[in-house]
1. Does Val339 qualify as being buried (at least 17 other Cβ atoms within 10 Å of the Cβ), over 30 Å from Arg142 (Cβ atoms) and more than 22 Å from the chain's Cα centre (by Cα)?
2. Conditions first: (1) outside any helix (DSSP H, G or I); (2) buried (at least 19 other Cβ atoms within 10 Å of the Cβ). Ser313 passes all but one, so which condition is the exception?
3. Please tell me if Val296 is assigned to a helix (DSSP H, G or I), modelled with pLDDT of 95 or more, in contact with a Pro (Cβ under 8 Å, 6 or more places away or on another chain) and not assigned by TED's automatic domain parsing to the domain that holds Asp395.
4. Can you name every residue in the stretch 406-432 that is part of a loop (DSSP other than H, G, I, E, B) and surrounded by 13 or more Cβ atoms within 10 Å (Cβ to Cβ)?
5. Could you grab me the full set of residues in the stretch 375-405 that are within 21 Å of Met251 (Cα to Cα) and assigned to a loop (DSSP other than H, G, I, E, B)?
6. Within the stretch 230-254, track down each residue that is crowded, with 20+ Cβ neighbours inside 10 Å, closer than 30 Å to Ala338 by Cα and out of contact with any Pro (no Cβ under 8 Å at 6 or more places or on another chain).
7. If the requirement is being modelled with pLDDT of 90 or more, in the same structural domain as Tyr32 (by TED's automatic domain parsing), among the hydroxyl-bearing types (Ser, Thr, Tyr) and closer than 19 Å to Val51 by Cα, which of these qualifies: Tyr81, Tyr108?
Amino acid sequence: MTKKRVSFHTLGCKLNFSESSTFARQFEEGGYERVDSSAPTDVAVINSCSVTEHADKKCRNIIRKIHRRNPDAIIAVTGCYAQLKPEEIAAIEGVDIVLGNNDKGDLYRRVVELENRDKAEVYGCSYDKISRFFAAYSSGDRTRSFLKVQDGCDYKCAYCTIHYARGASRNIPIADIVKEAEEIVAAGQKEIVITGVNTGDFGRTTGEKFVDLLRALDRVEGVERYRISSIEPNLITDEIIELCARSPKFMPHFHIPLQSGSTKLLGAMRRRYTAEKYRERIAKIRELMPDSFLGVDVIVGFPGEGEEEFMESYRLLEEVGASFLHIFPFSERPGTPAVAMPNKVQSRIATERVERLEELSNRLHADFARRYLGTERPVLFESTNRSGEMLGYTDNYLRVRAPYNERYINQITTVRLIELLEENDIRCEIVG
């Protein structure tokens, strides 16, 4: 009997990636064959994002493309766009089922139960009913796994719909997450990326603390590396920084969103810190972990951002020594306070500022990489053979290249960093 085929299409954050991987394990355990996203399929699962209008549009285009190529396939859509605009998605030709974030854990069961219907079925898309936690971690990558520890957000930033799309901050107990980490180790993965919507807010539903979770994960045998995918500046405490500095398992790598270096704009955005607080947190990291890579999210073109406010961001990013910038042009999201704010920024000005920050990001990344040329760092090499080369990341998140050698795959290996290449990759040689 021929197995039914299932494909997965994941948009947006690492949290969605961990959830899609968990969907895939459920389908494979149910007898389905997982196929590439571009291959002919019987079932297509789309885990959507809605952080910008561009993300919504991309999801719609993917749905239409899948339906053209696979007119008889079941198309199931879940994720944040499905949560926020379920009827809009259900009206797209080819869609059979739409599941909100509260019911995404039922996706496999709903697909199996699905029969031919004249219109799409919509489940669990009421904001006030988002209360369930869909436990998830990614698999399939031989070297690293994204482990979901938290979902939802109680912050209501003026530009953001995530608190509507994902519900209130919630989590499962530390003990359950430790069991998942042990499953990841048993599958042979060496690195775990700790992820969530507002990761540092872990513990809302269990009375635990994020630092207690980190301590428990630090004790899991077999994990060689942890990275924290993203953490708010007001939630990265001295305790957390000190734990990461002490533990050989927690890498010198942080992703801490800034959004704006203007305290005035941060107030308008309803962020929970000032520019000075951001400086102080980064200074603490630099004091205890001076080699740390710092990834930073920045929004460009938020209402009220004049040249002065933009330059406050520019100068702050230079001052703290950001290693890489994730730059987001401001995108109006229906229902958010930012829509009604005055002093909109013209799109051409926002585009020009994005370009300036992209140049800054490239310069800061290259400056950070050059600091380590001629030094030795530990690297975890990945399994993909890219034209005779293998790629890996140092502890402080510099991407390196070396001639492909299978014996070093999924192993922590010491390398010497030799030469800065295009895209700020570094050529290296293995020394141990």
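1. no
2. Of the numbered conditions (1) outside any helix (DSSP H, G or I); (2) buried (at least 19 other Cβ atoms within 10 Å of the Cβ), the odd one out for Ser313 is (1).
3. no
4. Ile409, Asn410, Gln411, Leu421, Asp425
5. Of everything in the stretch 375-405, those that are within 21 Å of Met251 (Cα to Cα) and assigned to a loop (DSSP other than H, G, I, E, B) turn out to be Thr375, Glu382, Ser383, Asp395, Asn396, Tyr397, Leu398.
6. Passing the criteria: Ile231, Ile236, Phe254.
7. Tyr81
Residues checked against (1) surrounded by 14 or more Cβ atoms within 10 Å (Cβ to Cβ); (2) aliphatic (A, V, I, L, M); (3) in the same structural domain as Leu420 (by TED's automatic domain parsing):
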site: Phe381; (1), (2), (3): yes, no, yes
site: Asn385; (1), (2), (3): no, no, yes
site: Met390; (1), (2), (3): yes, yes, yes
site: Asp395; (1), (2), (3): yes, no, yes
site: Val400; (1), (2), (3): yes, yes, yes
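The values are calculated or read from the model by the stated rules, or taken from the named source; none is laboratory data. As the structure is a prediction and not an experimental result, all values here were calculated from the model. Methodologically, a virtual Cβ is constructed for each residue, glycine included, from the backbone with ideal geometry; neighbour enumeration extends over all protein chains shown.
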